[in-house]
Every structure is written in structure tokens, then in C-alpha cells.
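What follows is a single structure, written as C-alpha cells, with notes after it.
Taken together, the values in this text are just the output of simple stated rules run on the coordinates, not laboratory data. This is a predicted model, so every value here is computed, not measured. Reconstructed Cβ throughout: ideal geometry from the backbone, glycine too, with neighbour counts over all protein chains shown.
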Amino acid sequence: MIDDDQVTISRDSFLEPLGMADLADGERSRKEFDALFALAVEYCGTNHLIVAGAIPGQALSELAWKVPGTAITVRLGGLGDGELKAILGLALFVIASGVPPTALALTPLVAALGRIRKLRTAYGERSVVEALARAKPADARNVLLALYGKPCLHSDAGCRFLDGESGACAISLEEVEKLLAWLVDEKVLRQLNPTEPIEYGIAL
Amino acid sequence: MAILERKTRDPGGKLVDVYPHTPFVSAICFRFTEEPGDDDLRALVLSVFEEIAGSANRRVRERDLSISLGRFSNRYGDRFVALCLPEVLMVDIHFMFQDAIRALGRIEEVSRAAWRDVEARHFGRYANGRFIFYADPLLLIDQEEQRWEWRSFEVEGTKIPPPRRTPLPAIDFVSGPRHDLESWALLSPKIAEVVSEMHGPSSYGALRRAAKSHFGLQVREVTGSSFPHYGMLTAGWVAEDGCEVTILLRASLPAQLKYVVLAHELAHFVRHFPLVYMNQIAEQVAWVHPRFESLYGAMVERHLGAPSRLENDANNFATYLLLPPVFDLDQMASFMFEGGGPVRPEELGWRLLQSLFPDGALNEASWAEIEELQATIQRDLDQRSSIDVDDPQTLQMAMLRALLRRNEEGISAEIQSLNQDLHDLHRDLGPLIARVSDPAAGPSMREAGFDDKGANTEFRSQRRLLPPVDGRGDLCRTPRIPICPTSDNRAAATTLNWRSPSHPSHRGKPVAAWQRSFVDHTIVLYPFQRPLPLDSR
């Protein structure tokens with residue numbers, strides 16, 4: 001029997017059942033989705049969330065269309081802290097920085113996520129990395145445009161770049177560049193090219 | 001197009017216009033002897049803005065008009081500038097821009113163009129008499145010196161437009177909620193006719209409404225995670241007036257997938273209802289004679305073979321709900337010419353199908369990515385011969401395989417063969433029931449490979465404890481076995497040549513064989529009570 005804490009996921013549909021519908025962007029290619037699915041399966045396997053043999057038999061009076069492909073049933077309870085979602089989001093950023101989807105592996109992504117989670121929100125480090133993940137191309141200028149004038153990504157953190165009056169981010173280009181350079185030194189990010197405009201990716 | 005003004009300014013201190021994503025523009029593409037700079041183009045656009053502002057026509061004057069600009073080159077290396085206007089625009093204003101451009105270069109094309117193809121960016125805006133031009137957000141500009149206002153812009157996240165869906169054709173019949181072989185024989189051709197008259201893929205909501213209101217099917221979405229399938233066609237308890245047929249769908253699927261799954265299950269109903277019906281009867285008989293289930297299962301396997309045969313047949317029919325018969329891929333492809341070459345029918349099929357699935361929806365049409373798209377299509381098409389029939393990996397692959405096969409020569413023979421096998425199964429069911437129901441059935445059971453102790457019999461004891469729940473509470477408490485052969489007609493049943501309504505020769509004719517052959521015997525069977533022998537009732 002399957003209890004209500006479990007969902008069956010397959011290549012056709014896994015982000016939505018796992019509660020990550022916002023990652024299901026139509027711009028993503030099939031290859032990227034396959035890579036994400038493989039990571040999700042690996043994560044669930046590593047964390048013992050896969051329930052084996054959960055698909056029951058079929059009664060005589062039923063014609064069921066079984067979930068095709070590598071269908072697995074997972075326990076949702078183990079996904080409570082959103083770690084899988086963060087890993088998949090990070091994987092998409094890594095793919096966007098030029099890493100082939102097939103080259104992604106769970107272990108370095110988990111390690112990179114650990115480094116990002118240690119960053120300080122009050123110093124704008126975390127926001128810069130999060131903005132970088134959405135910036136195309138991922139350079140200082142686009143990070144600035146993604147942050148400046150927008151509501152603070154971590155409003156309760158007491159960020160030093162927060163404009164108290166408007167409640168929006170007031171970081172400058174120079175400050176973004178300095179933060180990015182520091183994050184490269186700390187091995188959280190890596191520089192993808194040597195000349196301006198410099199682009200950045202996650203250091204794996 | 002509603003352009004919003006952001007509450008906060010950009011790093012350069014300018015106001016920021018927020019544009020919604022617009023995939024297409026009306027592009028005036030022109031060539032030039034000397035490539036115009038942004039200042040030249042701004043002067044051109046400004047002159048038109050002033051002409052618009054000075055127009056006596058209020059409809060021309062009072063409007064919010066955004067202009068974008070693209071610079072691109074074609075495959076021969078020719079450079080072009082594209083002045084992009086909204087797709088829907090007064091022709092007078094379009095002509096104003098065309099006249100102004102002719103002073104600068106030669107117009108090569110005026111067409112609907114994908115935003116990406118002309119590499120467009122927002123350039124200026126005429127906002128009810130105010131002139132706005134866009135500059136780098138980081139740039140500090142003195143606003144006083146200009147006749148126009150400098151701003152910057154940002155575009156809201158790109159949204160893939162939902163795929164276009166067409167309404168179902170008018171349906172002029174209403175089927176009752178209970179189905180038997182006779183009513184199904186009348187109903188299924190009508191459903192097939194509706195499908196044949198479709199002009200394009202419909203929506204999940206429309207198909208669901210039609211299934212419930214016109215086809216007499218229950219469609220239920222299962223929210224619990226205990227339902228591990230995408231969809232299921234299931235028959236309710238068979239009584240004298242037939243049975244309810246329910247399509248169960250996994251509620252967590254995206255609506256686009258639900259449409260595909262509903263199409264597939266509807267196809268099962270149209271093509272394979274006799275099997276579901278017979279299966280349910282077999283299950284009911286198995287309540288009295290538990291060994292019957294195994295005998296029947298073996299018979300089904302002997303007649304129909306692998307389950308994938310039924311699935312492929314259902315997929316074949318379901319493709320017509322995705323791409324109706326009017327989508328003649330061969331004919332459509334013969335009219336098409338793309339990127340310097342013809343488009344193959346299978347490639348066209350892939351593209352049409354792709355847009356009907358979530359996650360795999362194509363980006364907005366763009367020449368910029370055509371080569372990448374063609375490579376993806378080719379990779380998928382190369383895989384089609386290796387698609388595992390029993391495990392096609394994705395619904396999309398399963399439907400693509402069915403779509404590409406539906407016009408193959410052998411497909412009609414496969415359908416006829418399946419019809420015949422269903423007919424044969426139907427023919428053999430009665431004698432099997434008669435044989436198992438015979439009090440002296442021991443030898444028959446042994447002949448069939450089952451010893452007296454049932455050592456080889458697969459018992460599913462848990463299903464014997466409680467009758468299936470089909471929403472009819474009273475029958476659940478007192479399940480009835482409506483169809484059982486009597487001793488009087490048992491002999492007749494074994495020799496009667498039944499005709500299945502699925503047999504081609506029986507198309508459209510009412511089927512009474514079932515009712516003629518068997519007298520209904522209602523056996524009241526309480527849970528946890530041993531079945532009563534037929535003769536002791």
C-alpha cells in the first residue's frame with residue numbers, strides 16, 4: 001500500500017508532484033529535464049526516500065496506463081527542508097554556465113549548496129549568488145540589474161545594501177563586482193572568462 | 001500591451017518601464033548603404049512620433065505605442081535593420097514609419113517576425129503625446145536637454161503561450177451512464193465520428209465535459225498518492241442494465257498531460273470496452289468460482305497476447321484526439337519549405353505533438369534556433385525504432401511512436417486482428433463460464449492445468465473479502481452475479497457462435513446474443529460468507 005505521504009514520479013511528470021512546479025520552465029530542454037530527473041532519483045535514493053514495489057497489481061476490470069519509464073515512488077516526508085529543490089535549481093544554474101547536463105552529479109552539487117548556505121545574507125553575499133543564478137549572461141552588470149531597485153531577497157536579514165526608505169536593494173555595481181571577486185576567492189564561484197564582461201559560474 | 005512603470009528607478013536614476021513578454025512583432029526590415037546608428041534611428045522615430053502627435057485623427061494621436069529595434073544579418077551575411085511595431089496597429093501609423101524609413105534605406109520585408117529572429121530590443125515609446133527613448137540603465141543622463149524623456153526598460157519573464165486548443169465539434173447525442181455491449185456498439189462509432197470531425201486538439205476540460213455529459217462516462221481525478229498510474233479505465237459492477245464505466249486520472253498531472261491520458265483512456269473505451277466488460281463479468285464469476293479468474297486470465301493471454309498490444313491500439317486511436325485526421329502530415333509537409341529544404345512528415349508530426357506536452361513545449365518559433373531544433377527532432381526520430389514498446393520512457397515517446405505508425409499499411413491489419421481476437425475471446429467466455437459452473441467440473445479443471453487442490457491456482461483472497469466499491473453501496477453489501485448459465489442452456493452456450501460487437505461484420509447491429517444465451521441468475525452473496533452452490537439457491 002502507498003500512503004498519502006508518497007508520490008510516484010517519472011520523466012513525464014516529476015517537478016509538479018514533488019512540489020517544484022516553479023522549476024518547470026518551458027524554456028528548458030528535454031536534456032535538462034532528464035538531467036534533473038536523474039538528480040532527483042539519485043537524491044531520493046541516497047536519502048532512502050524511494051519506496052520499492054509500490055505499484056500494486058491490476059484488477060481484472062481495469063485497463064491502467066502505467067507510468068512509463070523509470071517510475072519510482074518516493075516519500076515526500078524527506079523533502080521537507082527544500083534541499084532537493086535547491087539542488088535542482090543549482091543544477092539549472094550550472095547547466096546555464098555551460099556544463100553539459102549529462103556531466104552533472106549529485107555529490108558536487110550538494111557540496112556547492114553547502115558552501116552557498118554558509119554565505120551571509122546581511123552582507124549581500126547570498127543575494128548576489130541567487131541573482132547570479134538568474135542572470136543571463138551571469139555577469140556583474142546583470143546581477144546589479146537583478147537586484148537594484150527590487151525588493152530585498154532576504155528582507156529580514158538586515159542587509160547593509162537595503163534602502164530603508166524604499167525597502168529596495170540599493171547595491172552599486174562596484175559593490176557587486178567586489179562581492180563577486182570575493183566569492184571567487186572563497187571558491188564559491190568561478191570566473192568563466194578573463195576579460196570584461198566577466199561571467200561567473202558555481203565552483204563545483 | 002500594458003506597459004507598467006516600476007516604482008523604483010534604475011541605477012542611473014531613470015524611470016523604468018516594465019514590458020510584458022511579446023513573442024512576435026510586425027517588423028519593417030530594411031537595408032541601407034551605410035548602417036544607421038542609434039542616433040539616426042532615434043531621429044527617424046522621433047519624426048514619426050511628432051507626426052503622430054500632430055495628427056488631426058484622435059485615434060492616431062491618443063495611444064501608447066512601443067517601438068523596438070533589431071539589427072541582424074541573414075545567412076548570406078547581408079545586414080538588416082528591423083523597426084518593430086506592435087502586431088496590431090493602425091495601418092496609417094504603419095505607413096508613417098514606412099515612409100520615414102524609405103528616406104533612409106530600402107524596405108526589404110514587412111512581416112510578422114519572432115522577437116528573437118530580428119534580435120529586437122525596446123527602443124522608444126509614444127505615450128499619448130509623450131516621447132520616451134530607452135537608454136542603458138546604468139547611464140546617468142541629463143533629462144533637461146532633450147525633447148524626449150530617457151528611461152530604461154525591463155521585460156517580465158518570458159512566458160510560453162499556452163498551446164492553442166480547438167472546441168470539440170457539436171455532439172448531438174447523450175448516452176446513459178450505464179453501458180453494456182449493445183449500447184457500446186451503438187455509442188463507440190458515434191464517438192469515433194466526433195473524433196473524426198475534430199479540427200485540432202481540444203482541451204482537457206472540453207473532453208472531460210464531453211465524456212461525462214455525452215458519452216456517459218464517469219471521469220474522476222484521483223488526488224491520493226495511492227493511485228500510481230496516469231489513468232485507468234475501469235468497469236463498475238455489472239448488473240442487468242450493464243455497468244458504469246469510470247475513467248480515473250491522476251490529479252497531480254498537468255492539464256496538458258491529463259488531456260493526453262484522457263484521450264488514451266477514452267480510446268480504450270471506444271476500442272476495448274468489451275474486454276473491460278468481460279473482465280468485470282469474469283471477476284464477478286470468480287466471486288463464486290475463485291479458480292475462474294486464473295482460467296480466464298490464461299484465456300485472455302492466449303487470445304490477446306502482451307498487454308502492450310492493447311496499449312498501442314489505444315495510443316493509435318488517441319493520436320486522433322491529439323492530431324485529428326484533418327492533420328494529413330504528408331500533405332501538410334508537401335506544402336512546407338523551411339530553411340532551404342523540405343520538411344519531412346515525421347518531423348512535422350514531432351513538432352505538432354511536442355506543443356501538446358508540458359515541459360517539452362517549444363520555445364517561441366524562431367529561426368535563430370532552427371538548427372538546434374532540427375537536431376533535437378532528428379535525435380528523437382532516430383530513436384523511434386528503438387523505443388521500447390512496453391516501456392516507451394515517456395508518454396510523448398509513446399504517442400510519437402503511435403502517430404508515426406498510424407498511417408502505415410499494416411496498422412489496419414493489426415486493428416482487424418485485434419477485433420477478431422476480442423471476438424474470439426468473447427466467443428470462448430460463455431463456454432468457460434459454463435464449464436467452471438458445472439458441478440462436475442473437476443476433470444475440466446484438471447484438463448486446464450488446475451488440480452483439485454488448486455495448487456497452481458492464483459488466489460487473491462483479499463479481494464474475496466469485500467466486494468469492489470463502485471459507488472453503489474447497496475450492491476456492495478449484497479453483490480449480485482447477474483450472468484450465469486443455467487443447466488438448461490449450458491449446452492447451448494458451449495456451441496453457440498457468439499458474435500462480438502467489435503467484430504467488423506457486426507458493426508452497427510444490435511447485439512442480443514449475450515442476453516439470449518443466459519438467463520440472469522442473481523445470487524446474493526454476503527461478505528465473509530461462503531458462496532452458495534448454484535443449485536441450492
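Odds and ends about this structure:
- The share of Cα pairs per 5 Å bin across region B:32-122, counted from zero up to the longest distance, runs 3, 12, 25, 25, 20, 10, 4, 1, 0 percent.
- Computed over region B:7-84, the convex hull of the alpha-carbon atoms projects to a mean area of 7.9 nm².
- Once the Cβ-Cβ distance of B:Glu154 and B:Asn407 is raised to the sixth power relative to R0 = 35 Å, the FRET efficiency obtained is 0.15.
- Sequence of B:Leu400, B:Leu181 once ranked by neighbouring C-beta atoms within 10 Å, starting from the fewest: B:Leu181, B:Leu400
- The simple spin-label model puts a point 7 Å past each Cα toward its Cβ; for B:Ile171 and B:Ala2 those points are separated by 3.5 nm.
- Ascending count of other beta-carbon atoms within 10 Å, so fewest first, for A:Cys159, B:Cys243: A:Cys159, B:Cys243
- Extension gain for B:Asn128-B:Thr223 works out to 29.1 nm (0.36 nm per residue, less the C-alpha to C-alpha distance).
- Note on A:Thr46 and B:Arg71: the model spin-label points, each 7 Å out from Cα along the C-beta direction, lie 4.7 nm apart.
- Here the simple spin-label model places points 7 Å from the Cα toward Cβ, and for B:Ala53 and B:Gln143 these points are separated by 1.5 nm.
- In a reduced charge model with +1 at each Lys and Arg Cβ and -1 at each Asp and Glu Cβ, region B:1-105 shows a dipole moment near 280 debye about its Cα centre.
- Exceeding the 20 Å Cα-Cα cut-off - candidates A:Lys136/B:Lys14; A:Lys118/A:Lys187; B:Lys190/B:Lys212: A:Lys136/B:Lys14
- FRET efficiency, A:Glu83 to B:Gln378 (Cβ-Cβ, R0 30 Å, nearest 0.05): 0.20
- Per-pair calculated FRET efficiency, R0 = 30 Å: A:Ala21 and A:Lys118 via Cβ, rounded to 0.05: 0.60
- Least to most buried among A:Lys118, A:Lys150 (fewest other Cβ within 10 Å first): A:Lys118, A:Lys150
- Averaged over the residues of B:6-14, the number of partner chain Cβ atoms lying within 10 Å of the residue Cβ comes to 4.
- Dipole-positive endmost among B:Gly12, B:Ile28, B:Ala43 within region B:11-53 (Cβ charges, Cα centre): B:Gly12
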